[in-house]
Each structure stands twice: as C-alpha cells, then as structure tokens.
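Below: the structure, in structure tokens.
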C-alpha cells in the first residue's frame, strides 16, 4: 500500500512535544509526515514539497500560518483546518452572531462603536457591570479586560486602540463568574474535556490552573453538535462557561492544545492522524 503523505505546519525553534508525538504516531501508521516550520523562511522549494502531500494539517495559530494555508489552498491542496474557519475563530463578534442565529446559548454581547462617546452611551444602555471588553481578535486572553464602570471602560478601550498596529473593533460582554470548560472534538467526536480553574477572573489560556475532567451531559452534547455544524472545524477546542447552571458557549478555537492532560497527548494526536487518513480516502 502506498504511503500516505501528510504535511504538518508548526512554528517552533525546535521540535516540540506535539511535533515529536506526531512523528512517532505517524511512523506507527506508516505515514510520511512532511514538516513545514513557519518559523523558518518558506520558499518555493517548501511549496513544491507541499504539492506532493495528500493532505496538510495546520497545528500553528500564528497569523503567518494562515497565509501559508491560504497559499496552499490556492494551489489546490486540502488543509485541515481550512482558512475558512478563521472567520469563526478570529472574529468573536461574527461567532456570537452565528450562535444567536442557530439558537446556541452564549453570553449577552454588543459591538461597540469606534467613537468613544457613542461607545460609552452603548455601554450605559447595555448596563451589565462589571463588563468584559474584548477586541474581536486575540488569543490567550490578550486584549481582554474587565471594567467596573464607564471610566474604567473608557481607559481600557483607549488602551486597546493605542496598542497594536491597527484599531480593531471591540465587543462588550456580560461578565459571568464561572470556571472555563473546554471540550475538544476531532471530526464529530468529543475526545477530551477539561475544567479550567483559576484564582484570576480569566480562566482561559495561560491563566488556567488546576485542570480537571468534565462529565458531558446530554444538553452539552447537543450544544457541541450545533457548534461543530456551524463552524465546521475538524480539530476544535470549544470553550464554555455556566450561568445559573446553564451552558453558554464562549468561543471556538482551531489548533487547540493537546497538553491539558499529558498522558492523553499521543492518543489525541493519533486520532488526528486517523481522521486525516480518512479525509484522504474520501477525497
């Protein structure tokens, strides 16, 4: 049987735990794993290598990775996950609208004006204090802050607008005191759950501590199924919180972490490779 050739996009100075696990699991499955490190200059030679791949997996959340993905898609290559998923993972306002359209419970959210006086008026009418302010793009809790009143909100908004290379829109979201619940899916299967606790009001990303397992109930299964259907992310990390014991979807992440439970890293990575092989067969 002809060896499957799977491309792997990552961004590291050297091979990390994920990369070593992917190489190990690929060898077990008789898969030729072709590595593309976007931390190193990518040239025409690398693109030619990519053309020979049956499918390519992107395991980097770096912005340049998305440009490389779009380049490969333009050349007709199938990449998991597609650049189209960027629409939901990197625009929190669009994801909120999609949830609302498909009856997926999510925190109350508004899009703020780019004019500070109008934004303050909108926050006054929103009247959810304290309020969470977020740029529509951002990862690991970056560009996310909590304001107790209009004066604090104004300072945060101006700080967000001054920081970074561009003035991106900001959303305001009701603050809900809750652990952050992560559900990881591969294909349509729930493969891992984690409760992310922290003394900090931010529970996601680098702020998470004391991670433990979460039992998936029927109501959660239904919500996860709806989320997968709208975002169509093959390897997805879904973050949720609870309000009055009811599930609310916070956001979705492509290229989710595999290291919540170190003992499960290789199992998850094996499932990703098995899913990619199936994609090759059906394409």
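The values are calculated or read from the model by the stated rules, or taken from the named source; none is laboratory data. Values in this document were obtained by computation on a predicted structure and should not be read as measured data. All Cβ positions, glycine included, derive from the backbone under ideal geometry; neighbour counts span all protein chains shown.
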*Residues satisfying the stated conditions in segment 264-283, i.e. modelled with pLDDT of 95 or more and either out of contact with any helix residue (DSSP H, G or I) (no Cβ under 7 Å at 6 or more places or on another chain) or within 15 Å of residue 175 (Cα to Cα) (or both)*: 264, 267, 268, 271, 272, 274, 275, 276, 277, 278, 279, 280
*State whether the residues of segment 262-282 include one that is in contact (Cβ under 8 Å) with a residue 24 or more places away in the chain, under 20 Å from the mean Cα position of the chain (by Cα) and assigned to a loop (DSSP other than H, G, I, E, B).*
no
*Can you run down the residue pairs with Cβ atoms below 8 Å, 6 or more apart or on separate chains, where the first is in segment 14-26 and farther than 17 Å from residue 277 by Cα and the partner is in a helix (DSSP H, G or I)?*
15/23; 17/265; 18/265; 18/269
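Within segment 215-234, restricting attention to residues that are in a loop (DSSP other than H, G, I, E, B) and touching a residue at least 40 places away in the same chain (Cβ under 8 Å), which residue is farthest from residue 84 (Cα to Cα)? Give the derivation first.
Filtering segment 215-234 for residues in a loop (DSSP other than H, G, I, E, B) gives 215-217, 232-234.
Okay, now just the ones that are also touching a residue at least 40 places away in the same chain (Cβ under 8 Å), so 232-234.
Numbers: 232: 9, 233: 9, 234: 12 Å.
Among them, the one singled out is 234.
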